[in-house]
Amino acid sequence: MAALFSAAIALSAVERDDDRFIKGYSGGMLVHTGYLSGCDNPYLFNPQGPTFGIGGLVKLRVTEHFRFGAEGYFSNMGLSRGVEDGSFNKLFWTGALCDWYWQTGKFYPYAGVMVGGGMETAFYMFDGRKDDWIREEHVVFNKTPFFAVDPFVGVEYAAGKALHLTLKLDWLVAVNSSGVNRPSGPRLYFGFIFAH
């Protein structure tokens, strides 16, 4: 009789879980690196080089294969080739995301897209030095907002019941009033995700 009672309680708990819209949630921090290139300025300067950054995300699981949520990142590309040391190209973007995932043992491959917006900040110093207090004549500073579409693929590894490690690859497509924003390129992310 006790076994039957326990089975009934477990079954009712499963039914309550199935009735919930939100089946679970996850979130964490990711660091990334990548390589960007491409000219999008009137000076015909092609900023290119490695980029590094950090960000975070949160996802709500609504089915066994579909999640939605939000994420935001900051990415910086320091420049010294073609301009003086101290020049940079920075991007910040955030938005809503959704992804489709499945489970293979301890691995959770996924693919999805983020849609949102952001800001590019470009600072190009064509001569002078960053460590003096002399006014520079040939410096360009520009901030441009953009609409962001960021497709991505990745995989999570369940290192523990609540801790997942994630590896993600994306290519941010930033669209501004002049067209597709550059520099652009792939980014590779690594992070820690806490899942429930």
Worksheet item: Just for the Cα atoms in the stretch 107-196, what are the lengths along the principal axes, largest first, rounded to whole Å?
Response: 57, 33, 19
Item to complete: Treating each Cα of the stretch 48-154 as an identical point scatterer and ignoring solvent, apply the Debye formula and state log10 I(q)/I(0) at q = 0.09, 0.10, 0.11, 0.24 Å⁻¹.
Response: -0.36, -0.43, -0.50, -1.24
Worksheet, complete the sentence: Under the 7 Å Cα-to-Cβ spin-label approximation, residue 119 and residue 144 lie apart by a distance in nanometres of 1.6 nm
Item to complete: Could you please state how large a percent of the accessible area of the chain is carbon and sulfur, counting protein chains only and using a 1.4 Å probe?
Response: 67 percent
Worksheet item: Which one of 82, 176, 113 has its Cα pushed farthest toward the positive end of the charge dipole of the chain, where Lys and Arg give +1 and Asp and Glu give -1 at the Cβ?
Response: 113
Discussion item. So if I restrict to the alpha-carbon atoms in the stretch 64-126, what is the Rg, and what is Dmax, the biggest pairwise distance, in Å?
Written reply: 17.6, 53
Worksheet, complete the sentence: So the pair-distance distribution of the stretch 26-93, from every Cα-Cα distance in 10 Å bins, comes to percents of 18, 37, 23, 15, 6, 0
Item to complete: For the stretch 124-131, just list the computed ³J(HN,Hα) in residue order, Karplus coefficients 6.51, -1.76 and 1.60, θ = phi - 60°, integers in Hz, with x standing in for Gly and Pro.
Response: 10, 10, 7, 7, x, 9, 7, 9
Worksheet entry | Count of lysine pairs in the chain with Cα separation under 20 Å (8 or more residues apart, or interchain) | 11
Worksheet entry | Karplus-derived HN-Hα couplings along the stretch 40-57 (A = 6.51, B = -1.76, C = 1.60, θ = phi - 60°), whole Hz, x at Gly and Pro | 9, 8, x, 9, 6, 8, 9, x, 8, x, x, 10, 9, x, 8, x, x, 8
Worksheet item: What dipole magnitude, in Debye to the nearest 20, does the stretch 96-139 give about its Cα centre under +1 on Lys/Arg Cβ and -1 on Asp/Glu Cβ?
Response: 340 debye
Item to complete: Rank these residues by their accessible area, most exposed first, probe 1.4 Å: 137, 156.
Response: 137, 156
Worksheet entry | Between the stretch 42-89 and the stretch 175-191, the Cα center-to-center distance that results, in Å | 7 Å
Practice prompt. Counting only heavy atoms of the protein chains, get the accessible area per residue of the chain (1.4 Å probe) and round it to a whole Å² value.
Written response: 57 Å²
Item to complete: Round to the nearest 10 and give me the degree value, 0 to 90, for the angle of helix 2-19's Cα axis relative to the longest principal axis of the chain.
Response: 30 degrees
Discussion item. As an exercise, find the ratio Rg/Rh for the chain from alpha-carbon atoms, using the Kirkwood inverse-distance average for Rh.
Written reply: 1.16
Worksheet, complete the sentence: Going residue by residue through the stretch 144-159, the Karplus relation 6.51 cos²θ - 1.76 cosθ + 1.60 with θ = phi - 60° gives ³J(HN,Hα) values, rounded to whole Hz and with x marking Gly or Pro, of 10, x, 8, 8, 10, 10, 10, x, 8, 9, x, 8, 9, 10, 7, 6
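The values are calculated or read from the model by the stated rules, or taken from the named source; none is laboratory data. Everything numeric here is computed off the predicted structure, so don't read it as measured data. Note that we place each Cβ from the backbone using ideal geometry, even for glycine, and neighbour counts take in every protein chain shown. Keep in mind that these areas ignore ligands, DNA and RNA; they rest on the heavy atoms of the full protein, side chains included. Shrake-Rupley method; radii C 1.70, N 1.55, O 1.52, S 1.80 Å.
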